[in-house]
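A short write-up of the structure that comes next.
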């Protein structure tokens with residue numbers, strides 16, 4: 001069986017009253033939107049930090065989490081997250 005090349009992508013996921021920061025693995029050079037459009041119900045996330053919203057209080061850290069796509073309200077690469085601290089000071 002041939003090994004499938006994958007890229008590591010750190011993401012932020014909003015689901016109900018939680019924000020999750022973790023890592024997903026996509027096919028090499030696969031866009032996040034293409035990864036999400038594959039016909040599977042759950043997204044595997046590794047190294048997940050789970051925060052309760054709105055206070056963004058860390059409630060758990062898990063090595064593996066399977067997230068049902070039906071409950072995701074937003075997902076984006078962590079590198080695209082803005083720095084609110086510098087924006088609010090300027």
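Pairs meeting the criteria (first residue in region 68-80 and more than 19 Å from residue 10 (Cβ to Cβ), second residue exposed (fewer than 12 other Cβ atoms within 10 Å of the Cβ), beta carbons under 7 Å, at least 6 apart or on different chains) are 68/41; 68/42; 71/16. Only one entry of 13, 24 meets the criterion of being in contact with a helix residue (DSSP H, G or I) (Cβ under 8 Å, 6 or more places away or on another chain), surrounded by 13 or more Cβ atoms within 10 Å (Cβ to Cβ) and modelled with pLDDT of 90 or more, and that entry is 24. Considering (1) surrounded by 15 or more Cβ atoms within 10 Å (Cβ to Cβ); (2) over 15 Å from residue 72 (Cα atoms), the lone condition that residue 29 does not fulfil carries the number (1). Kindly indicate the residue of region 27-71 that is in a helix (DSSP H, G or I) and in contact with a helix residue (DSSP H, G or I) (Cβ under 8 Å, 6 or more places away or on another chain) and also farthest from residue 7 (Cα to Cα) among those meeting that condition. The qualifying residue farthest from residue 7 (Cα to Cα) is 69.
Would you mind stating whether residue 36 is in contact with a strand residue (DSSP E or B) (Cβ under 6 Å, 6 or more places away or on another chain) and surrounded by 11 or more Cβ atoms within 10 Å (Cβ to Cβ)? No; evaluated as a whole, the condition is false for this residue.
The values are calculated or read from the model by the stated rules, or taken from the named source; none is laboratory data. Keep in mind the model is a prediction, meaning the values are calculated, not measured. Cβ atoms come from the backbone with ideal geometry, glycine included; neighbour counts cover every protein chain shown.
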